[in-house]
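The values are calculated or read from the model by the stated rules, or taken from the named source; none is laboratory data. If you're wondering where the values come from, they're calculated on a predicted model, not measured in any experiment. Positions of Cβ are backbone-derived with ideal geometry, glycine not excepted, and every protein chain shown enters the neighbour counts. Each accessible area value is taken on the protein alone, full model and side chains, heavy atoms only, with ligands, DNA and RNA left out. Shrake-Rupley method; radii C 1.70, N 1.55, O 1.52, S 1.80 Å.
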Amino acid sequence: MKKVVMAAMGGTLAGIVATTQFVGPLIAQENARTTNVYEQLDLFGDIFERIRAQYVEEVDAGDLIEAAIDGMLTSLDPHSSYLSPDDAADMRVQTRGEFGGLGIEVTQEEGFVKVVSPIDGTPAEEAGIEAGDFITHVDGASVLGLTLDEAVDMMRGPVGSEIIITVVREGEAEPFDVSIIRDTIKLTAVRTRLQGDAVVLRVTTFNDQTYANLEEGLAEQVEAAGGMDNVEGIVLDLRNNPGGLLNQAIRVSDAFLEKGEIVSTRGRNPEDGDRYNATPGDLAQGKPIVVLINGGSASASEIVAGALQDHRRAIVVGTKSFGKGSVQTVMPLRGDGAMRLTTARYYTPSGRSIQALGVSPDIVVAQPRRPEASAEDEETNALSRSEADLRGSLDNDSLTEDEIQQIEADRAKAEAAAALREEDYQLAYAIDILKGLTALQPSKE
């Protein structure tokens with residue numbers, strides 16, 4: 001027995017020695033790193049004082065500190081940044097649904113400002129700004145080398161004032177200038193309408209009003225259609241939607257899902273991850289859904305599209321989305337400023353990250369540019385004739401008056417659908433899919 005105890009004690013002592021020998025270098029490395037950090041901070045202090053004392057013009061110390069903080073954050077990724085007290089106040093106003101500006105969501109790429117998407121009904125959208133445009137100059141001054149916040153500051157100004165931005169667009173040989181009049185941007189988070197027998201829910205942003213607008217708007221359109229039985233399905237239009245609040249994306253997804261995961265977030269530490277699940281209840285009552293996306297659909301839009309796609313609750317139509325799969329947390333700082341820091345990535349229910357990849361549509365449908373109608377085409381349309389136009393043609397005596405009226409009503413719907421293809425080909429395609437899905441459903445008898 002004594003030999004066993006001694007052996008055990010010897011093993012314990014050896015373990016202690018081995019552990020000490022292993023941990024010692026780690027502690028030394030950590031101390032070296034800490035020393036290096038303090039040396040770097042001393043270097044920052046030296047540079048700060050040298051600028052204050054010797055720069056050609058007198059500079060504000062507070063501005064220098066803010067610029068240093070912002071530079072530290074923007075070096076991490078395009079979405080982390082420092083928010084000055086004014087910027088933080090603007091952001092709080094924007095999430096409530098009303099703010100001043102041009103009406104564009106932007107990011108930074110290759111040193112230039114890239115338009116994620118114009119917001120519906122805003123000066124930028126009315127001026128023809130498109131998702132994917134690069135803004136290279138503002139009022140003749142280059143934005144190259146500026147931080148994103150600095151470039152955005154250049155685009156801000158009094159409501160009613162003019163701004164001229166220089167745009168580089170794929171497919172255009174030369175940059176061109178666009179004049180925009182700044183205005184107060186009032187966001188209607190969700191616009192709804194009936195298109196034939198389909199309800200179209202156009203979600204423009206995810207702010208505090210989004211879910212309430214969607215629920216109310218859907219109920220109004222269903223009532224206008226005479227009840228859900230008269231609705232073929234729903235088109236959830238997320239094109240050019242730059243995203244917004246995560247909780248609103250979760251609520252919109254939950255509106256059409258009965259169960260299952262909506263999205264998960266994973267941070268640097270495993271314990272910081274979260275999973276968000278759907279609750280019972282489907283506002284669409286099981287009706288088919290088509291989700292429309294394009295390159296301007298980002299962030300919260302991609303959460304909704306990815307969740308409905310993974311659960312096979314909707315068919316996703318359009319073109320690949322923007323690919324912003326990261327979560328930013330806004331952290332208040334002293335002095336009423338704030339820090340927007342990327343703290344996690346989000347994943348769709350199937351576990352896929354869309355960061356830099358985007359959501360791929362089930363059916364790829366590009367929005368064709370409108371061709372200008374030629375005089376020859378207009379003449380051909382004007383001269384098109386049918387049997388009924390011929391003098392002395394026979395009447396159709398096999399149909400009742402009600403049947404004839406029904407045929408004419410169906411023809412009017414088909415002509416309206418054809419007109420929609422000229423106006424918005426992607427939306428028309430989505431509605432055609434709904435018609436096909438409805439036709440395949442068993443009839444209720």
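Just for region 303-349: of the residues that are in a loop (DSSP other than H, G, I, E, B) and over 21 Å from L238 (Cα atoms), which one is most open to solvent (accessible area, probe 1.4 Å)?
L333
Quick check: is even one residue across region 251-269 in a helix (DSSP H, G or I), of a type outside the set (A, V, I, L, M, F, W, C) and modelled with pLDDT under 95?
No, region 251-269 has no match at all.
Counting only residues that are open to solvent by less than 20 Å² (accessible area, probe 1.4 Å) and assigned to a strand (DSSP E or B), which one in region 270-302 is farthest from L238 (Cα to Cα)?
Among residues in region 270-302 that are open to solvent by less than 20 Å² (accessible area, probe 1.4 Å) and assigned to a strand (DSSP E or B), the one farthest from L238 (Cα to Cα) is I289.
Of the conditions (1) surrounded by fewer than 22 Cβ atoms within 10 Å (Cβ to Cβ); (2) modelled with pLDDT of 95 or more; (3) not in a helix (DSSP H, G or I), D208 clears all except one; give me its number.
Going through (1) surrounded by fewer than 22 Cβ atoms within 10 Å (Cβ to Cβ); (2) modelled with pLDDT of 95 or more; (3) not in a helix (DSSP H, G or I) one by one, D208 breaks only (2).
May I ask you to list pairs of residues, at least six apart or on different chains, whose Cβ atoms are under 7 Å apart, with the first in region 242-263 being charged (D, E, K, R) and the second being open to solvent by less than 10 Å² (accessible area, probe 1.4 Å)?
These pairs meet every condition: D254/I262.
Could you please give the count of residues in region 230-247 that are open to solvent by less than 10 Å² (accessible area, probe 1.4 Å) and in a helix (DSSP H, G or I)?
So the answer is 0.
What are the residues in region 156-167 that are of a type outside the set (D, E), open to solvent by 60 Å² or more (accessible area, probe 1.4 Å) and touching a Ser or Thr at 6+ places or on another chain (Cβ under 9 Å), if any?
V159, I164
Looking only at region 105-144, count every residue that is among the charged types (D, E, K, R) and at pLDDT below 90 and tell me the total.
Final tally of qualifying residues: 4.
Being assigned to a loop (DSSP other than H, G, I, E, B) and in contact (Cβ under 8 Å) with a residue 60 or more places away in the chain is the filter; apply it to region 100-129 and report the residue that is farthest from R191 (Cα to Cα).
It comes out as L102.
Name the residue, out of D133, D153, D139, that is among the charged types (D, E, K, R) and crowded, with 16+ Cβ neighbours inside 10 Å.
One residue alone meets the criteria, D133.
Name the one entry in R193, R202 that is part of a strand (DSSP E or B), open to solvent by 60 Å² or more (accessible area, probe 1.4 Å) and basic (K, R).
Matching residue, one of R193, R202: R193.
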